[in-house]
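Visitor: Dropping the structure in here first, questions after.
Throughout, read-outs are computed from the coordinates displayed, never taken from laboratory work. Predicted model, so just to flag it, every value in this text is computed and none were measured. All Cβ positions, glycine included, derive from the backbone under ideal geometry; neighbour counts span all protein chains shown.
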Amino acid sequence: MTQYIKEEKDGSITKGHADTSSGVLKLHNTKGPALVNKEQKIKDYYLYGIKLTKEVWEKKRKFS
């Protein structure tokens, strides 16, 4: 898994965790949100590139 950092236009930082499988980069993190921007209050949960609610992510991450 690789962590990516992007500076947004408003100067805030977005951090993303992604997995590369078959040459395709997909947001993925089993330990917490895959996409985080503290200043914009963003916490998005992804498994294998699929965006999930936190509740669904908590159930499915155990099997990933």
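Visitor: For Ile5 and Tyr48, what is the calculated FRET efficiency with R₀ set at 25 Å and r taken between the beta-carbons, to the nearest 0.05?
Guide: 0.75
Visitor: Turning to a different aspect of this structure: I'd like to compare 26-33, 48-55, 3-10, 15-22: which one has the highest average count of other Cβ atoms within 10 Å, and what's the full order after that?
Guide: 26-33, 15-22, 48-55, 3-10
Visitor: Which of the lysines could a cross-linker span from Lys54 if the Cα-Cα distance has to be under 17 Å and same-chain partners fewer than 8 positions apart are dropped?
Guide: Those lysines meeting the cut-off are Lys31, Lys38, Lys41, Lys43, Lys62.
Visitor: Output the relative contact order of the chain, whole-number percent, from Cα pairs under 8 angstrom with separation of 6+ residues.
Guide: 23 percent
Visitor: Something else: Per DSSP H run of at least 4 residues, take -39500 (n - 2.57); add these up for the chain, divide by its residues and hand me the 222 nm value, nearest 500 deg cm²/dmol.
Guide: The per-residue figure over the chain is -2500 deg cm²/dmol.
Visitor: Residue separation times 0.36 nm, minus the C-alpha to C-alpha distance between Glu39 and Lys60: what's the value? Write down the numbers at each step before the final one.
Guide: Working: separation 21, 0.36 × 21 = 7.56 nm, distance 2.75 nm.
Length gained, Glu39 through Lys60: 4.8 nm.
Visitor: Regarding the chain, what's the average projected area of the Cα-atom convex hull, expressed in nm²?
Guide: Mean orientational projected area (the chain, Cα hull): 4.5 nm².
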